[in-house]
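K.L.:
Would you mind keeping the following structure in view while I ask a few things?
The values are calculated or read from the model by the stated rules, or taken from the named source; none is laboratory data. Please read all numbers here as calculations on a predicted model, not as lab measurements. Here Cβ is always computed from backbone atoms with ideal geometry, including for glycine, and neighbour counts include all displayed protein chains.
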Amino acid sequence: MILSPSLLSADFAHLGRDVEMLNASQCDWYHLDIMDGVFVPNISFGFPVMEYIAKYATKPLDVHFMTVHPEEYVERTAKLGAAIMNVHVEACPHLHRIIQQIHAAGMKAGVTLNPSTSISTVEDIACDVELIMLMSVNPGFGGQKFIEHTIDKVKRLRRLLDECGSKAIIEIDGGVNRETGARLLAAGADALVAGSAVFRADDPSEEIRILKSLDRA
């Protein structure tokens, strides 16, 4: 199981400290949520903050664009050193084209589906991407309650990927904690994004260790 803590929930007054904590922890990736206030009703952070994180991070950057026109940021994201660039199905009318752009820039391509978006929207590109992420909350804000029907959606997406022979990883973002994380992994998820569960814990590094242990439960 891959664990990708979301720095959206970090303490931005002590961001360097939190990055160093993640460097020393058992987490696998850093999840960076980019919001523009247009595609989602919130603004998070942009390239100056990402460049700082990239400078000190020792693990792959999992960059999730919740923006309109993410194609405009492919080259700059690649220059940042990101391992994965993840875009929303709903924001990309020419989804296959941006997947090609991401690959051409040297990154792995991910696509994300909102809670109300059918998995049928990724059927035709399932073998062209390395990651498909399901939002288990409505995108735009951290700390929301987990949407229960995500469990069944993970199962259906796993069947779709198995049937078409896709090697794409299934990642889940939103409301992930010890309880929901265990259920998501049992349903077929491969990667979990955890924000509030990690950064609001009394001991974030220990919480990461516990979440990683769910894969062995």
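K.L.:
Exactly one of (1) closer than 29 Å to G37 by Cα; (2) at pLDDT 95 or above; (3) hydrophobic (A, V, I, L, M, F, W, C); (4) outside any helix (DSSP H, G or I) is unmet by F141. Its number?
P.N.:
F141 satisfies all of (1) closer than 29 Å to G37 by Cα; (2) at pLDDT 95 or above; (3) hydrophobic (A, V, I, L, M, F, W, C); (4) outside any helix (DSSP H, G or I) except (2).
K.L.:
Contact list please: Cβ distance under 7 Å, first residue in segment 148-166 and closer than 19 Å to A191 by Cβ, second residue of a type in the set (S, T, Y), pairs at least six apart or on different chains.
P.N.:
T150/S136
K.L.:
While we're here: What strands (runs of 3 or more DSSP E) completely inside segment 1-90 contain at least 1 residues that are among the polar types (S, T, N, Q)?
P.N.:
By residue number, 2-5, 84-88.
K.L.:
Within segment 86-122, track down each residue that is aliphatic (A, V, I, L, M) and farther than 28 Å from I147 by Cα.
P.N.:
Hits for segment 86-122 are I98, I102, A104, A105, M107.
K.L.:
From S120, S116, which residue is within 22 Å of M66 (Cα to Cα), modelled with pLDDT of 95 or more, in a loop (DSSP other than H, G, I, E, B) and not acidic (D, E)?
P.N.:
Of the residues listed, the single one that is within 22 Å of M66 (Cα to Cα), modelled with pLDDT of 95 or more, in a loop (DSSP other than H, G, I, E, B) and not acidic (D, E) is S116.
K.L.:
Here's something else I'd like to know. Looking at H103 and the list (1) in contact with an Asp or Glu (Cβ under 9 Å, 6 or more places away or on another chain); (2) modelled with pLDDT under 95, which single condition is not satisfied?
P.N.:
Of everything listed in (1) in contact with an Asp or Glu (Cβ under 9 Å, 6 or more places away or on another chain); (2) modelled with pLDDT under 95, H103 misses just condition (2).
K.L.:
Let me ask something else. Just one of (1) surrounded by 17 or more Cβ atoms within 10 Å (Cβ to Cβ); (2) on the phi > 0 side of the Ramachandran plot trips up A57, so point out which.
P.N.:
(2)
K.L.:
Filter the helices (runs of 4 or more DSSP H) completely within segment 150-217 down to those with at least 1 residues that are hydrophobic (A, V, I, L, M, F, W, C), over 22 Å from L15 (Cβ atoms) and modelled with pLDDT of 95 or more.
P.N.:
Passing ranges, in order: 150-164, 178-187, 204-213.
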